[in-house]
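Below: one structure, written as C-alpha cells.
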Amino acid sequence: MAAKKPSAKKNQSNVSPEELLAYYRDMLLIRRFEEKAGQLYGMGLIGGFCHLYIGQEAVVVGLEAAAKEGDKRITSYRDHGHMLACGMDPKGVMAELTGREGGYSKGKGGSMHMFSKEKHFYGGHGIVAAQVPLGAGLAFSDKYKGNDNVTFTYFGDGAANQGQVYEAYNMAEIWDLPCIFVIENNQYAMGTSTQRSTHSPSYWERGAAYGIEGEEVDGMDVLAVKAAGEKAVAHCRAGKGPYILEIKTYRYRGHSMSDPAKYRTREEVQKMRDERDPIEAIRTMLLTGKHATEDDLKAIDKEIKATVNESAEFAKESPEPHLDELWTDIYAELEA
Amino acid sequence: MATEILMPALSPTMEEGTLAKWLVKEGDTVSSGDIMAEIETDKATMEFEAVDEGIVGKILIEGGTEGVKVNTAIAILLEEGEDASAMETASQQPASAPVPADKAQSSEDAPAAGMAHPAPETDTTPDWPEGTALKQQTVREALRDGMSEEMRRDDTVFLMGEEVAEYQGAYKISQGMLDEFGAKRVIDTPITEHGFAGIATGASFGGLRPIVEFMTFNFAMQAIDHIINSAAKTLYMSGGQMGAPMVFRGPNGAAARVGAQHSQDYAAWYMQIPGLKVAMPYSASDYKGLMKTAIRDPNPVIFLENEILYGRTFDVPDMDDYTVPFGKARIWREGDDVTIVSFGIGMTYALEAAEKLAEEGINAEVIDLRTLRPMDTPAIIKSVMKTNRLVTVEEGWPQGSVGSYISSVVMQEAFDYLDAPVICCTGKDVPMPYAANLEKHALVTTAEVIEAVKKVTYK
C-alpha cells in the first residue's frame, strides 16, 4: 500500500460532523479496548490466544455505518473489534476474555468464540475460513425467509487461500445469496506476507472466476470503507447476489500476543502508524474542519477510557463460571 | 497516580523470561504503543509496548536480567506533572498477582459412582399401540415419507445435497420431493461437501432446519470440520445462545464391491462427539420415526443410513405422526442365554445368528440400539443382568469401536453380573478390499457372531 498523508477528502462531502464524531468514538473505543486487553493478557488475566484488532478499526466501523437492523455479521478469531462495532457491551466482551460468568458465552467461549443473538453477531470462529460458508449460510437463511437483510462475512488474506472460500463463492453466486464477502487484507497471514503466499495478490479479483463483482478499498480510511459498504449493501439488498470487498488494512500488533514480529520491520509498522492511522485521520479532519476542539476530543478520550476501565473492572470482578456450567449448553432441549 | 509496569506474560505458557534490553530510560516520555523493552521468552525475543502514556520514573529491573517472573514490577510510570515522590505510593500498592484460573477454584472430587446396582429402569413401551394397522414399506420409502411429512409440517425444513432434486436422489431417497416442495426447498448443490455443509450450518444458525444429504458419509470427511467444529460446538461456545438444529444424513458403511474409499463405517467417530446426536437405524419404521424425531430435534443429528438396507421391506405403522424417541433401544427378540447388541445393518447378522442359535437351543436376547448418542445403556445393563453374557455386533473397525465402549460401560456398571468376557464382533482391521471373497471376509459375519455366542456361553 502506498503510504500517504492521512486524508479522506474524496469521501467527505456528504458526511455530517456528528457522523465523523461517531466514527472517531467507535474506532477509539476499539483501540483503547484492545490496548487494555493486551494489558490484561500481560497480567495473566486473559489466557490462551488473544488476537488484537489495533490498526484495523476503520474496517468494521465503516461497514457497520452501512448496515441496518437485522443485518448479520460473522468473522474469524480476530473478533473483538467486530463485536464492539456492532454494539455489543464492552463489559460482556472483556469478561469473556477473562473467562468469567459475565462474559457473552458465560466464560465458555473465550476470545475466539463469542456470539450475540441480539446483535446478530454469529461468532467468533477459530478455524481459518470456516466462517465463510457459514456466513453464506446466514445469507441463505435471509433469502429463504424473503427479507432484504444482508450478511457481512469477514475473513483475512490468510483465509482467502482456503478452498472452502471458493466453494462458498460458487454457491453464493449461483443462489444469489445476499452476502458481502469482506476480505480484511492486513498483508500478513500470521507471519507469512501475501507476497510469499500467492501470485494473485488481488484477492477480490478472484471473484470474477465465479461471476462475483467486487472492489478494493482503502481500509485506513473509514469514509472510503463506509462508501464501499453502502454500494455493496445496495447490490445485495437489490437481490443481485454476493459482493466482494477487499479492504486493505494493517495490524499494528502481532498476529497474537505471542508473536515475535520478525517478519516485518519496525520501520514498516511505524510508518503506517505515523502516516495512515485511521483514527488520526478522522481526528485531523474533525479539528481542521472545526467540527471539534482539542478539548472536545480530550473529553471523548476520557469518556472512552472510563468505559474501557469499567469493562476491565467488570471482567476482573465477575466470578468464574459455576462448576455446573461445565455440563450445560451441550444439547438444546426440545421446546414444548 | 504512578503505576507499576509489570513483567508481561507474552504467551499462554510463559512463567518467567529475560528482560533483555530496555529501549527507554528513566525520564523518557512514552505514549501508548511505544516499544519499551525487549523480552526473551522460551520461544522468541519479543517487543514490549507501553499501554498507558507517561514518564518512565524508575527502572526497577535492569536490562539483561534473567528469570524475571511474570507480574514482577519492572518499572514505574509517572503521569505528567508527577514527581518521584509518587513512586512510593506506587510501591506501597503492588498490583495484586492474579490467581491462575485453574488453581483458583477448589475441585472437590465428586463421589465415585456406587458399585451395587438395582436393575436400571428402562422404557419398554411398544413403539406403536397394539392393533395399529401396518403397511409394508422399504427403508427408502419410509425415509422419504419421514422427511416429507416434516417438510409439510414445518416450512423452515429443507433438503440440500448432491443430486437430491432433479436427479431424484443418487439412491432415490428424495424421489418425488422436488415436485412436491419445489426448488426452493429441495436444492441441488455442486459437488462441494465442505462448502455446503458449512452453508447449511450457517442457515441453521439463521433459524432454518436444514437436512443435508451426503451422497455417502465417506464424502462427509471433507465436511467433518463443519459438522464437529461449527455445528456440534456452537451451542456450548455461545453459552447457549445459538446452536445448529439440523440433520446430516446419507448412506454409511460398506455397500458392495466399492473398495476402501467408499466403504467406511463412521458410527464410532460421530458417537464420540458431545453436541451431536447419532442415529443408526435398522428397520423401515425406525428410519421413518427416527428421521422425524431428528428433524424436530434442536441439535445437530448424524443420521447414518445403509445402502444395502434401502431396498429391504419391513412393517411400518400406518399412523398420522409416527415418531421414535432417541435413546430408546428396541428388543427384537427376548432370550435368557446371551445378550446380542447391535444397530444398523449389524442387526442383520445379530438376528440371523439368533435364529440359528435358537435351533441349537441357545436363546439370545437381541437389542437394537437405534441411536448411539444418546445410547440406551440401561437397556443393555438390564439385559446383561439377566443373561450374564454379552456379544456386540458392528461392521466398523475394532479399535475404538462402538462395542469397545459398550463393553467398558458394562464392565463398570455390571461387572459382577458377567459370567464371561464381552466379545465385540467387528469388521476386520483392514481397509476394505475390492475382491468379492476378500470383502466378505473383511466384514463381520453371522458365523463369527454364532462363534462368539458359543464362546461366551461355553457351548
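Only the coordinates and a few stated rules stand behind these numbers; no lab work does. On a predicted model such as this, the values are computed, not experimentally measured, just so you know. Note: ideal-geometry Cβ built from the backbone for every residue, glycine included; neighbour counts use all protein chains shown.
Brief remarks on what is shown
- Over region B:144-263, relative contact order from alpha-carbon pairs under 8 Å, at least 6 apart, %: 24 percent
- Dividing the summed -39500 (n - 2.57) terms of all DSSP H runs of n ≥ 4 by the residue count of the protein assembly as shown sets its mean residue ellipticity at 222 nm at -10000 deg cm²/dmol.
- For chain B, the longest principal axis of the alpha carbon atoms and the long axis of helix B:284-296 meet at an angle near 30°.
- The alpha-carbon of B:LYS428 sits under 22 angstrom from the alpha-carbons of these lysines, leaving out residues fewer than 8 places away in its chain: B:LYS440, B:LYS454, B:LYS455.
- For region B:177-224: rounded, prolate or oblate by the Cα gyration tensor [a/c cutoff 1.5]: oblate
- Prolate/oblate/rounded call for region B:351-453, Cα gyration tensor, a/c under 1.5 rounded: oblate
- Each label was represented as a point 7 Å from its Cα along the Cα-to-Cβ direction; for A:GLU101 and B:GLN136 these points are 6.3 nm apart.
- Our summary gives region B:367-434 a relative contact order of 40 percent, counting only alpha carbon pairs under 8 angstrom and 6 or more residues apart.
- A:ASN309-A:LYS231 FRET efficiency (beta carbon distance; Förster radius 56 Å; 0.05 resolution): 0.90
- Considering only Cα atoms, the convex hull volume of region A:68-115 works out to 66 Å³ per residue.
- Principal semi-axes in Å for region A:203-309 [√(5λ), Cα gyration tensor, largest first]: 31, 23, 13
- Put the Cα centre of region A:268-335 next to the Cα centre of region B:208-247 and the gap is 33 Å.
- Nearest 10 degrees, 0 to 90: helix B:139-153 Cα axis against chain B principal axis: 60 degrees
- Shape category assigned to chain A from the gyration tensor of Cα positions, a/c cut at 1.5: rounded
- Legend: residue pairs A:LYS72/A:LYS108; A:LYS36/A:LYS145; A:LYS68/B:LYS184; A:LYS117/A:LYS231, Cα-Cα distance threshold 30 Å; pairs beyond threshold, A:LYS36/A:LYS145.
- Annotation for region B:138-198 versus region A:140-215: alpha-carbon center distance of 28 Å.
- Number of partner chain Cβ atoms within 10 Å, mean per residue of A:325-335: 6
- Sequence-distant lysines (8 or more away, or on other chains) whose Cα lies within less than 20 Å of A:LYS262: A:LYS271, B:LYS21, B:LYS43
- Once both labels are positioned 7 Å from their Cα atoms along Cα-to-Cβ, the gap between B:GLU360 and B:GLN272 label points is 3.5 nm.
- Considering only alpha-carbon pairs that sit under 8 angstrom and 6 or more positions apart, the relative contact order computed for chain B is 12 percent.
- GluC sites (Glu not before Pro) within region A:281-336: DSSP coil, no more than 16 neighbouring Cβ in 10 Å: A:GLU333, A:GLU335
- Sparse-neighbour loop sites [GluC sites (Glu not before Pro); region B:306-411; at most 16 other C-beta within 10 Å; DSSP]: B:GLU334, B:GLU360
- Unit charges at the beta carbon, dipole of chain A: most positive-side option, A:PRO242, A:SER193, A:PHE49: A:SER193
- Cβ-derived FRET efficiency at R0 56 Å, A:SER16 paired with B:GLU62, nearest 0.05: 0.55
- Within 10 Å of each Cβ in A:111-119, the average number of Cβ atoms from other chains: 3
- Once Rg and the Kirkwood radius are both taken over the C-alpha atoms of chain B, their ratio Rg/Rh works out to 1.17.
- The Cα-based radius of gyration and maximum Cα-Cα distance (Dmax) for the protein assembly as shown are 30.6, 100 Å.
- Summarising the strand pairing of chain B, around 50 percent of its internal DSSP beta bridges are antiparallel.
- A full extension of the chain between B:ASP321 and B:LEU438 corresponds to an added length of 37.8 nm, given 0.36 nm per residue minus the alpha carbon distance.
- Sparse-neighbourhood loop sites, trypsin sites (Lys or Arg not before Pro) in region B:212-267 - DSSP loop, at most 13 other Cβ within 10 angstrom: B:ARG257
- Between region B:1-45 and region B:280-319, the alpha-carbon centres lie 61 Å apart.
- Spacing of the modelled spin labels on B:THR125 and A:ILE330, each 7 Å from Cα toward Cβ, amounts to 2.6 nm.
- The order of the peptides B:213-224, A:51-62, B:21-32 by mean Cβ neighbours within 10 Å, most packed first, is A:51-62, B:213-224, B:21-32.
- For residues of B:238-248, the mean tally of beta carbons on other chains within 10 Å: 6
- Once the Cα-Cα distance is subtracted from the 0.36 nm per residue extended length, the B:MET221 to B:GLU166 segment shows a gain of 17.3 nm.
- Straight-line cross-link reach from A:LYS290 at under 17 Å between alpha-carbon atoms covers these lysines, not counting any fewer than eight positions away in the same chain: A:LYS9, A:LYS298.
- Under 5 Å, built H, 5+ apart or other chain: amide partners of B:GLY344: B:TYR282, B:ARG370
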